[in-house]
Amino acid sequence: MYRFLMLVGLVLFLPGACALGYSVFQGPSSWMTDARTFWGTPISLFVFWIGLAHAGTLISAIFLALDIKLDRRTALIAELSTLASLVIAAVFPLVHLGIVENFYMVAPLLDVRGIFANIRSPLVWDFCCIAVYAALSLLFFATHLKARRNPTLEKYCKPMAWLLFPLVLWVHTVVSLDFATTFVPEWRGAFFPVYFITGAIFSGLALVNLLLCAEGYRVRLLERLQLICSWILCAIWAWEFMLKGSFCASAFIFAGLLPQLRMVAFIRESKWGRMAISASVLLGLFLERQFLVSPEFGSPAMASFGWVDWGMLAFSAGTFMLVFFGMLLLLKRFMEVDGSYFGEVDGRDIAEVEEAEHKDSPVRLGVEKTKKGFYVHPWSSEEYHVLRLPLLLGIAFALLFSLWVWGRMPFENVDLSLANVIPLFYPVVALVTAVALYARAYFVEKAFALHRIEKILAASVLVLAGTCAGAFYAGGASERGAARDVLSENPENRDLPVQTWNARCATCHGSDGKFNEKFVREFYPVPQKLDLLRLDSLGEDSLVNVILKGRVNMNAYEGRLTYSDALGLVRYMRSLAEKEVANDSAP
Amino acid sequence: MTPLLNAFACLLALACALFLWRKGSSPYRNGALLAGFLLLFSVFTYFGAAESLATDPALEHYPFRMLALCLCLSTASLPLYRRRYLVLAQVLWLWIELFGGIALYYRGFDVAWTRIAAVAGLAFGSTFLSRISREMEFCLMVLWLAVWVFF
């Protein structure tokens, strides 16, 4: 079964990879992009897959933290789906950037590379939160997987679950702020964090239910939650409609109305019926993301969903199937061991078994038996005792990081508020806490030992992480190598500077030569403001040199533009600046 | 939103809280109630602030703040895991206020730091609560309503 699903994945992946390669080579013009927001299919797919990536932590970690019983197999499948979804979600922001080789600019290294970074950009929050979430999800999955053979590790599962609980919500909140912090009318919404989290939980549940159907069993608790999520999301859509008057009918039909068919017994009891409902939710929520990212989606003025967009969609689905079922095949023997509950589950049977197990167990730390049941003294739970010192270290480290940010020289001239730094705070706390927790468990408490293959894997992950950190710190060269596409060799063409400007420069510098306001908020470093005074002080030769050789984050265009092309651009820039001065001085 | 309607909003949240988490109630009932209350709070905000809805961005998350307050009030009388859910409900409120505030900050509006600090203080303080008596339940409810009305 897994091999067949992997084959289906491969069939989707291969043409999808071709489309993805084409889109990276060709840039944003190749996919459907909204005319107003400049965002398109890659961002829709990113938001969709990052939403799906919440399933694992929601179902496993949050349930574990809140003492809601779930069988081990389901929890591991959910966690694995998180990891597979994260791999896919990480690809699309790179595609969206257009300049893939400049990806290193999103690391929160501020100005340590000598480059001014826009700390106010929500992209820096995205990168940090998702990277930390991926690392901790991997650690949690590995702990959960190893815990059955090494019961001493069980004591770290719940503290990790409490650490991941806020993090999973934090990640999607930060993704929602990418939208909510802009001036696009359709994206105004201080309620977006709750909206996005609800959508993510809903889609994550649908994915896990679909995967459980493929596995051949069901968890009624998750199906019930899926239905409840559809009601809450419908209420949120109603509020959005009242607020903005916009409404995505297809999302409402697929993710709002069709899931109600679960109330019909014969559909609910049929495997294909349950699969159809979950698939319908996923389709509806993908359409909703598309509608959200591209507010003009479906309007005649907008480009249609072309083959590249279909290709990217196929790539994401195919990669997920390959990664998820491949990993499942590889880890199958570790996931199915004696003592795990497997089969049709609705939560009650597990609760009874665990209750019987706990009856004979000694009284836990800080727990007092009372007539009504039990009572836990404040700040006395077992997970708190395990977590308190690493957590203290994490908070101290995050405070130091915040102070370091405040102390950097460039921010003396930047309006940097607490609101700009807070979104980075918890990911730093979570990362340091988890590292300290596991370092203590391995080196001090010697709670677990690693086999040779595990040591090699752990070392590989650390080397990879170190290489990534080094690459982020070092950055890339701003000069280009060989010429890729020469725009024109005809300096006599008077329209050429305008065309070149609009095609290559306007994204950052604005079509009118001022900042592109949205870009400034989204990307960094902040582009230079090209007013008349600055242009004249730099001089034509110097500016031509910057265009051809590149500077800081400005790419080198030598080989793609001739000297006269660059000179034409400089003069066009000056004409724009003159226009601005004329407009300012006009009565 | 006028101060009178703002005060009425917390009374509405208090009234709705009575129906949540009744003994023996199914997840379907509670889920449907939550969705229904959110719809009710949205309609309340829409008609209560019809004129200022387009001009006052602070109203964008008003129904969600009402829902968070409703959840806080409903957890005060839970029979099991009361302290845990009481703290979690306040953290949800804090979450909505904080990240809603950050979203508005980027659009040029001030963050309601006083309200955020008050909710954060209450949430942190609640973690120290020992056995919660009826008097303490009442005290917590008064504090939440005071934060709603005055901050």
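Name the single residue that is most open to solvent (accessible area, probe 1.4 Å) among those in the range B:34-50 being closer than 21 Å to B:Leu104 by Cα and facing chain A (nearest Cβ under 9 Å). Among them, the one singled out is B:Tyr46. Does the range A:57-66 contain any residue that is outside any helix (DSSP H, G or I) and assigned by TED's automatic domain parsing to the domain that holds A:Phe141? The answer is yes; a qualifying residue exists. Every test in (1) over 25 Å from A:Met321 (Cβ atoms); (2) away from chain B (no Cβ under 14 Å) is passed by A:Leu283 save one, and that test is (1). In summary, A:Arg268 fulfils each of the numbered conditions (1) within 14 Å of chain B (Cβ to nearest Cβ); (2) more than 26 Å from A:Asp309 (Cβ to Cβ); (3) open to solvent by less than 50 Å² (accessible area, probe 1.4 Å) with the single exception of condition (3).
When you look at A:Trp237, is it within 24 Å of the chain's Cα centre (by Cα), within 14 Å of chain B (Cβ to nearest Cβ), of a type outside the set (D, E, K, R) and in a helix (DSSP H, G or I), yes or no? Yes. Screening the range A:246-288 for residues that are touching a residue at least 60 places away in the same chain (Cβ under 8 Å) and among the small types (Gly, Ala, Ser) and picking the one that is nearest to A:Arg218 (Cα to Cα) gives A:Ser278.
Here's the yes/no breakdown for (1) exposed (fewer than 14 other Cβ atoms within 10 Å of the Cβ); (2) modelled with pLDDT under 60:
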position	(1), (2)
A:Met302	no, no
A:Thr319	no, no
A:Lys359	yes, no
A:Val363	yes, yes
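Can you name every residue in the range B:122-137 that is more than 11 Å from chain A (Cβ to nearest Cβ) and either surrounded by 14 or more Cβ atoms within 10 Å (Cβ to Cβ) or touching a residue at least 12 places away in the same chain (Cβ under 8 Å) (or both)? Within the range B:122-137, B:Leu122, B:Ala123, B:Met136, B:Glu137 meet the criteria.
Consider A:Thr41 carefully, then state whether it is open to solvent by less than 60 Å² (accessible area, probe 1.4 Å), in contact with a Gly (Cβ under 6 Å, 6 or more places away or on another chain) and among the β-branched types (Val, Ile, Thr). The answer is no for A:Thr41. Out of everything in the range A:178-187 that is more than 12 Å from the chain's Cα centre (by Cα) and either among the polar types (S, T, N, Q) or part of a helix (DSSP H, G or I) (or both), what residue ends up being farthest from the other protein chains (Cβ to nearest Cβ)? By that ranking, first place goes to A:Glu186.
Within the range A:18-34, being aliphatic (A, V, I, L, M) and either modelled with pLDDT of 85 or more or not in a loop (DSSP other than H, G, I, E, B) (or both) holds for A:Ala19, A:Leu20, A:Val24.
For every residue, the table says whether it meets (1) at pLDDT 90 or above; (2) under 15 Å from A:Leu285 (Cα atoms); (3) under 24 Å from the mean Cα position of the chain (by Cα); (4) aromatic (Phe, Trp, Tyr).
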site: A:Leu205; (1), (2), (3), (4): yes, yes, yes, no
site: A:Val219; (1), (2), (3), (4): no, no, no, no
site: A:Ser230; (1), (2), (3), (4): yes, yes, yes, no
site: A:Lys244; (1), (2), (3), (4): no, no, no, no
site: A:Cys248; (1), (2), (3), (4): no, yes, yes, no
site: A:Ala251; (1), (2), (3), (4): yes, yes, yes, no
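The combined condition, being open to solvent by less than 40 Å² (accessible area, probe 1.4 Å) and among the acidic types (Asp, Glu), is fulfilled by B:Glu97.
Right, A:Phe191: within 12 Å of chain B (Cβ to nearest Cβ), closer than 18 Å to A:Tyr133 by Cβ, open to solvent by less than 20 Å² (accessible area, probe 1.4 Å) and in contact (Cβ under 8 Å) with a residue 40 or more places away in the chain or not? Taking the combined requirement at face value, the residue does not satisfy it.
On inspection, A:Cys157 qualifies as modelled with pLDDT of 80 or more, over 22 Å from the mean Cα position of the chain (by Cα) and more than 14 Å from every other protein chain (Cβ to nearest Cβ). Under the condition of being in contact with a helix residue (DSSP H, G or I) (Cβ under 7 Å, 6 or more places away or on another chain), open to solvent by less than 60 Å² (accessible area, probe 1.4 Å) and farther than 28 Å from A:Val174 by Cα, the residues counted in the range A:13-29 number 4.
Residues that are under 14 Å from the mean Cα position of the chain (by Cα) and either polar (S, T, N, Q) or facing another protein chain (nearest Cβ under 8 Å) (or both) within the range B:51-90 comprise B:His61, B:Pro63, B:Phe64, B:Ser74, B:Thr75, B:Gln90, listed in sequence order. Among the criteria (1) buried (at least 17 other Cβ atoms within 10 Å of the Cβ); (2) modelled with pLDDT under 60; (3) farther than 29 Å from B:Leu80 by Cα, the one A:Val414 does not fulfil is (1). Of all residues in the range A:201-234, those satisfying the criterion of being within 14 Å of chain B (Cβ to nearest Cβ), of a type in the set (A, V, I, L, M) and assigned to a helix (DSSP H, G or I) are A:Ile201, A:Leu205, A:Leu221, A:Leu222, A:Leu225, A:Leu227, A:Ile228, A:Ile232, A:Leu233.
For the criterion of being within 7 Å of chain A (Cβ to nearest Cβ) and surrounded by 23 or more Cβ atoms within 10 Å (Cβ to Cβ), B:Ala103 passes. Please determine whether any residue of the range A:198-216 is open to solvent by 10 Å² or more (accessible area, probe 1.4 Å), touching a His at 6+ places or on another chain (Cβ under 9 Å) and in contact (Cβ under 8 Å) with a residue 40 or more places away in the chain. Scanning the range A:198-216 turns up at least one residue that is open to solvent by 10 Å² or more (accessible area, probe 1.4 Å), touching a His at 6+ places or on another chain (Cβ under 9 Å) and in contact (Cβ under 8 Å) with a residue 40 or more places away in the chain. Taking the listed residues A:Ala430, A:Ala447, the one that is open to solvent by less than 30 Å² (accessible area, probe 1.4 Å), at pLDDT 65 or above and part of a loop (DSSP other than H, G, I, E, B) is A:Ala447, with no other qualifying.
The values are calculated or read from the model by the stated rules, or taken from the named source; none is laboratory data. This one's a predicted model, so the numbers in the text were calculated from it and none came from an experiment. Reconstructed Cβ throughout: ideal geometry from the backbone, glycine too, with neighbour counts over all protein chains shown. Note: areas computed on protein heavy atoms with side chains; ligands, DNA, RNA excluded. Shrake-Rupley method; radii C 1.70, N 1.55, O 1.52, S 1.80 Å.
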